[in-house]
2 protein chains.
Amino acid sequence: MHAIQQHLCFLFQKQRTLQSILSLLEWDQETYMPANAIASRSRQIECITSLLHKEKTSAEFTQTLASAIDLSSGKILVPASLAFQTALQEWRKELLQEQKLPLAFVEEFAATTAQALHIFPEAKKQGNFPLIAPHLEKIVDLSREKARLWGYQDHPYDALLDIYEPGLTVSYLSPLFTDLKNQLIALIPQTHKSASLPCVFTHPFDPIVQKKLGEELLQALGFDPSHSRLDLSTHPFCTGIDIQDTRMTTKIDPTSPLSSLFSVLHEAGHGLYNKNLPMEYQDTPLCQPASFGIDESQSRFWETCIGKSLPFWRYFYPKLQKSFPEALASYSLEHFYSMIQTVSPSLIRIESDEVTYSLHIILRFEIEKSLIEGSIQVKDIPRVWKEKMAESLLPTPTHDGEGCLQDIHWAMGGIGYFPSYALGNILAAELFAILQQTMPHWDQEIQKGNFSPILSFLEQKIHRHGRFYTPKNLILQATGKPLSIDSYIQHLKNRYTM
Amino acid sequence: MHAIQQHLCFLFQKQRTLQSILSLLEWDQETYMPANAIASRSRQIECITSLLHKEKTSAEFTQTLASAIDLSSGKILVPASLAFQTALQEWRKELLQEQKLPLAFVEEFAATTAQALHIFPEAKKQGNFPLIAPHLEKIVDLSREKARLWGYQDHPYDALLDIYEPGLTVSYLSPLFTDLKNQLIALIPQTHKSASLPCVFTHPFDPIVQKKLGEELLQALGFDPSHSRLDLSTHPFCTGIDIQDTRMTTKIDPTSPLSSLFSVLHEAGHGLYNKNLPMEYQDTPLCQPASFGIDESQSRFWETCIGKSLPFWRYFYPKLQKSFPEALASYSLEHFYSMIQTVSPSLIRIESDEVTYSLHIILRFEIEKSLIEGSIQVKDIPRVWKEKMAESLLPTPTHDGEGCLQDIHWAMGGIGYFPSYALGNILAAELFAILQQTMPHWDQEIQKGNFSPILSFLEQKIHRHGRFYTPKNLILQATGKPLSIDSYIQHLKNRYTM
């Protein structure tokens with residue numbers, strides 16, 4: 001290996017280690033940290049974040065990188081494999097982004113979002129938009145400033161989007177999302193009416209048994225407990241602390257086993273991607289998901305494409321019945337599956353069915369794009385929210401707590417994040433279509449509980465490439481064509497209208 | 001506050017924050033980390049350890065400190081409160097110690113103990129002393145070198161002892177321990193014979209109920225779950241990640257509730273000290289336990305003085321019976337308490353009764369002192385161990401796994417640590433004697449489950465002083481006289497021979 005490459009990998013390993021410590025601090029905060037230890041946790045997170053920033057912009061790292069790639073033009077200056085060239089470009093991109101934000105700006109952004117996150121739970125609980133509005137105004141202003149500092153060609157939102165979806169732009173996304181929105185709205189009236197059988201359970205589901213079942217499901221999906229964990233948290237998530245240490249969480253509802261099982265499948269999708277990342281690139285930026293949307297395609301693939309399929313429940317329902325013999329005694333597989341298949345437009349994004357979910361995302365995309373371009377103001381959000389819910393045939397919130405304050409993303413400064421959720425849905429459906437074409441007996445394998453063909457399929461198509469390709473090229477390579485909503489719409493039609 | 005003081009506290013806060021991150025990494029490693037994530041965990045710990053060393057010896061910290069205290073003479077150079085003067089002396093002492101060890105030495109020591117710790121479990125399991133001996137030889141050599149680098153007046157062991165018990169020396173400890181050993185050996189034949197009633201339980205004790213009971217006990221002792229936790233680990237421990245975040249662990253034996261309850265009481269003793277440390281000194285070295293021995297006096301006070309007292313079980317046994325009605329149905333309080341009171345010399349230190357425990361410690365102290373002074377060699381340990389066990393009226397191990405390989409301390413490089421355990425026992429008994437004198441109704445309060453008078457007593461005597469006093473002065477102030485074994489021997493006589 002080239003000496004410069006070795007040196008860069010060595011320096012990057014320290015950045016990765018600090019990042020993994022940050023992940024553990026955040027994981028602990030959401031799982032086991034005593035609630036009132038938050039002040040000390042904030043100091044710890046601030047300390048590592050600042051050390052990480054210093055490492056990423058250190059003179060040693062900058063100079064070493066500059067000796068391998070021209071930082072202004074991006075021209076490679078040393079003999080380099082294709083992978084190392086890609087790594088150099090990634091390093092350069094991240095360094096320039098870090099350098100473009102003055103420390104004072106970074107600190108102001110962090111302090112502003114910390115305040116907003118502190119206020120957010122109360123504002124949500126009270127449905128009190130004016131309480132959080134001044135903070136959101138500041139966050140929107142700072143996000144516009146961030147876009148200006150980073151620079152963009154056409155639309156300031158492009159600069160923010162790029163954090164989550166490298167290379168994606170408003171000019172690409174807007175027509176795609178408009179088309180998707182129209183087709184989804186047209187689809188809703190055609191979906192099955194909910195089954196006439198009752199859609200709730202009458203017996204409780206022991207949380208300890210639910211957790212154990214989640215762990216068994218993870219093992220069936222190939223997770224080794226000596227490299228992974230399942231814990232409980234208020235909002236389910238997956239953290240890859242390291243390739244060797246994948247931590248997933250779920251939230252358990254004692255009145256139904258569904259919410260936790262779908263969370264486990266969702267987080268398992270992220271977790272599988274994490275544990276299958278290319279080890280050979282582990283000290284480079286290539287050993288990470290290609291984008292948030294690609295990562296989300298993996299979680300949604302397992303949660304919806306597989307998790308809401310009849311073959312999966314043919315395999316898993318007997319296990320579920322065995323775990324809860326009394327509670328499920330009177331539910332046949334058909335009755336149970338009809339409950340899963342119910343399409344019922346919801347106020348709440350995270351409770352949405354597969355058909356309407358992306359409408360919630362597109363609405364958020366439209367609002368945050370308008371905020372960043374200045375065509376609406378923060379004070380307009382509650383009104384625009386209601387208008388857009390109605391336009392999407394979704395219910396009208398009675399207060400902002402179940403409307404525009406339901407998600408924490410804006411309060412945490414994550415403007416530009418939402419589109420990844422819809423992109424994940426679209427790509428998941430494309431991968432599912434290819435799976436069905438190339439592996440016609442996928443359903444029989446799943447019914448037998450044999451997931452390995454699907455696991456290899458995803459590993460080959462997505463996981464093993466890490467960030468070697470741009471998201472667009474990865475999609476091209478995996479599906480043979482640019483991203484398109486056709487498979488997604490067809491999948492929803494197949495599953496929910498026929 | 002003086003500007004230099006402010007600056008030092010500011011720099012020290014970063015050291016404390018890094019230390020707290022290290023504590024969390026270690027806590028997670030022992031509680032929830034997937035077993036095979038150890039390589040990534042080692043990188044994380046190494047990274048923070050090295051950052052911490054850099055902060056502790058940074059030019060900025062050194063120069064700021066040197067402007068407030070003459071680093072060679074210890075003369076204070078700025079107007080300073082008594083507390084700040086003490087903090088300056090602590091900072092100076094730690095800085096000089098950090099500076100005296102060359103980085104190459106620190107790294108060699110860390111690499112050597114890492115290897116030894118890797119080998120240790122197998123050597124212990126096999127009772128295979130030759131497997132670990134070469135590593136222990138290296139550790140003894142490096143420890144002697146460490147003592148030389150740090151410097152000492154009379155005995156090289158003094159330099160090592162000073163890490164755990166600042167100011168303590170062999171010339172002080174040797175006669176104290178010899179006296180204690182002789183008196184304990186004389187005491188053993190006088191203790192009660194074990195009760196004729198059966199000393200084992202016949203029903204299982206549900207681990208989940210045991211854990212819940214441990215948590216209830218912690219709450220009764222004043223722990224607020226929003227600032228503390230109880231988890232499970234192979235070896236119980238307490239980590240004060242921060243004053244606001246006290247984490248204790250226990251180990252649950254499904255055949256008896258005693259082991260976990262005594263662990264909970266023990267770790268609660270450490271935890272109470274941690275959560276009551278003086279907040280007003282939080283950005284100085286004064287906000288930490290005065291020494292390992294003082295810290296151990298708190299854990300042993302709760303585990304033995306209180307936890308093995310009849311009044312405690314008058315309070316707690318009904319709760320225990322309520323939790324395990326079936327398993328304890330045939331055990332009266334008297335029968336149960338006679339099981340706790342059994343004196344039965346054990347091979348294993350951590351399973352020892354209150355009477356013989358310190359003999360295990362003195363034996364280890366004698367061996368490690370001889371190793372450091374060179375009067376015995378590592379290869380002599382197994383033989384000397386058996387001789388000293390016999391001399392102390394303790395059973396003779398049939399293999400080294402239950403003998404000199406039972407404890408991990410030497411493999412982790414902790415020569416000098418063991419004496420703190422015996423010092424903790426002695427001081428705990430002294431505090432207990434004062435409690436009984438100054439609060440004659442302590443037993444009635446405990447029987448009612450009212451721990452607050454004892455909690456205030458310990459807070460006033462020990463906790464709130466942090467490291468403001470040297471251990472010797474803290475003991476003087478708390479007990480009115482230098483450390484003495486009289487109360488300890490009298491306590492053992494009262495409880496186990498009368």
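The values are calculated or read from the model by the stated rules, or taken from the named source; none is laboratory data. As the structure is a prediction and not an experimental result, all values here were calculated from the model. Please note: Cβ atoms are built from the backbone with ideal geometry, for glycine as well, and neighbour counts cover all protein chains shown. Keep in mind that these areas ignore ligands, DNA and RNA; they rest on the heavy atoms of the full protein, side chains included. Shrake-Rupley method; radii C 1.70, N 1.55, O 1.52, S 1.80 Å.
Tell me, how many Å apart are the Cα centres for region B:401-437 and for region A:317-375? Spelled out, the Cα-based centre of one part sits 57 Å from the other.
Using helices alone, what [θ] at 222 nm do you get for chain B, with -39,500 (n - 2.57) per DSSP H run of 4 or more residues, divided over all residues and rounded to the nearest 500? If you can, show how the numbers build up before the last one.
On the way: 20 runs with 295 residues, N = 498.
Helix contribution divided over all residues of chain B: -19500 deg cm²/dmol.
Across the identical copies, the label point of A:Pro207 (7 Å from Cα in the Cβ direction) is separated from its matches by 1.9 nm, in order from shortest.
At a 1.4 Å probe radius, which order do B:Leu476, A:Leu455, B:Leu286 fall into by accessible area, largest first? Could you put the intermediate results ahead of the total?
Values: B:Leu476 75, A:Leu455 35, B:Leu286 0 Å².
Greatest to least solvent exposure: B:Leu476, A:Leu455, B:Leu286.
Between identical copies, the spacing of A:Asn473 label points, each set 7 Å from Cα toward the C-beta atom, reads 6.8 nm from nearest to farthest. Residue-wise HN-Hα couplings along region B:263-268, as the Karplus relation 6.51 cos²θ - 1.76 cosθ + 1.60 with θ = phi - 60° gives them from phi, are 5, 4, 4, 4, 5, 4 Hz; Gly and Pro carry x.
Sort A:Thr250, A:Thr57 by heavy-atom solvent-accessible area, probe 1.4 angstrom, most to least. Display every interim value, and only then the final one.
Working: A:Thr250 0, A:Thr57 45 Å².
So, going from the largest accessible area down, we get A:Thr57, A:Thr250.
3J(HN,Hα) couplings calculated from phi for region B:289-303 with the Karplus curve 6.51 cos²θ - 1.76 cosθ + 1.60 (θ = phi - 60°) are, in sequence order, x, 5, 6, 5, x, 5, 4, 5, 4, 6, 5, 6, 4, 6, 5 Hz; Gly and Pro show x. Of all the accessible heavy-atom surface of the protein assembly as shown, with the other protein chains kept in place and a 1.4 Å probe, what percent is carbon and sulfur? Exposed carbon and sulfur together represent 54 percent of the surface. The accessible area of A:Ile188, taken with all protein chains in place and a 1.4 Å probe, comes to roughly 20 Å².
Ignoring solvent entirely, what values of log10 I(q)/I(0) come out of the Debye formula for region A:122-236 at 0.12, 0.20, 0.21 Å⁻¹ when each Cα is a single scatterer? Here log10 of I(q) over I(0) equals -1.04, -1.01, -1.03.
Give me the accessible area per residue for chain B, probe 1.4 Å, as a whole number in Å². Spell out each step's value before the answer.
On the way: 20240 Å² over 498 residues.
Normalised by residue count, the accessible surface of chain B is 41 Å².
Buried accessible surface for the A/B chain pair comes to about 2900 Å², total over both chains, computed with a 1.4 Å probe.
Across the protein assembly as shown, how large is the tail of the calculated P(r) beyond 44 Å, expressed as a percent of all Cα pairs?
Within the protein assembly as shown, distances greater than 44 Å cover 43 percent of Cα pairs.
Taking a straight line from the alpha carbon of B:Lys472, these aspartates and glutamates sit under 16 Å away, with near neighbours fewer than eight places off in the same chain left out: B:Glu90, B:Asp158, B:Asp162, B:Glu165, B:Asp295, B:Glu296, B:Glu430. Compute the helix-to-body angle for B:82-100: its Cα long axis versus the longest principal axis of chain B, expressed 0 to 90° and rounded to tens. The angle comes out near 80 degrees. For the protein assembly as shown, the share of DSSP beta bridges that are antiparallel, to the nearest 5, is 55%. Each copy carries a label point for A:Gln183 at 7 Å from Cα toward Cβ; from one copy, the others' points are 8.7 nm away, ordered from shortest.
For region B:307-381, which trypsin sites (Lys or Arg not before Pro) are in a loop by DSSP, counting at most 11 other Cβ atoms within 10 Å? Walk me through the numbers before you get to the answer.
Values: sites: B:Lys308, B:Arg314, B:Lys319, B:Lys322, B:Arg349, B:Arg364, B:Lys369, B:Lys379; in loops: B:Lys308.
When the trypsin sites (Lys or Arg not before Pro) of region B:307-381 are filtered for loop state and at most 11 Cβ neighbours within 10 Å, nothing remains.
Name the residues of region B:120-139 whose amide N is less than 16 Å from a point 7 angstrom out from the Cα of B:Leu347 along the C-beta direction? B:123-129, by backbone N distance to the label point.
For the cross-link pairs A:Lys125/A:Lys388; A:Lys54/A:Lys251; B:Lys14/B:Lys100, which exceed 28 Å when the distance is taken from alpha carbon to alpha carbon? Display every interim value, and only then the final one.
Values: A:Lys125/A:Lys388 22 Å; A:Lys54/A:Lys251 36 Å; B:Lys14/B:Lys100 22 Å.
Those over the limit are A:Lys54/A:Lys251.
Considering only DSSP states other than H, G, I, E and B, which trypsin sites (Lys or Arg not before Pro) in region B:107-194 qualify as loop sites with at most 16 other Cβ atoms within 10 Å? Don't jump to the answer; show the numbers that get you there.
Working: sites: B:Lys124, B:Lys125, B:Lys138, B:Arg144, B:Lys146, B:Arg148, B:Lys181, B:Lys193; in loops: B:Lys193.
Passing both the DSSP loop test and the Cβ count: B:Lys193.
In region A:9-23, comparing the full protein assembly with the chain on its own, the residues that lose 40 Å² or more of accessible surface at a 1.4 Å probe are A:Lys14, A:Thr17, A:Ile21. Once all protein chains are placed together, B:Arg92 keeps about 40 Å² accessible to a 1.4 angstrom probe. Rounded to the nearest 10 square angstrom, A:Ser40 shows an accessible area of 0 square angstrom against a 1.4 Å probe. Look at the dipole of chain B built from charges on Cβ: of B:Ser263, B:Phe301, B:Gln190, the Cα furthest out on the positive end belongs to B:Gln190.
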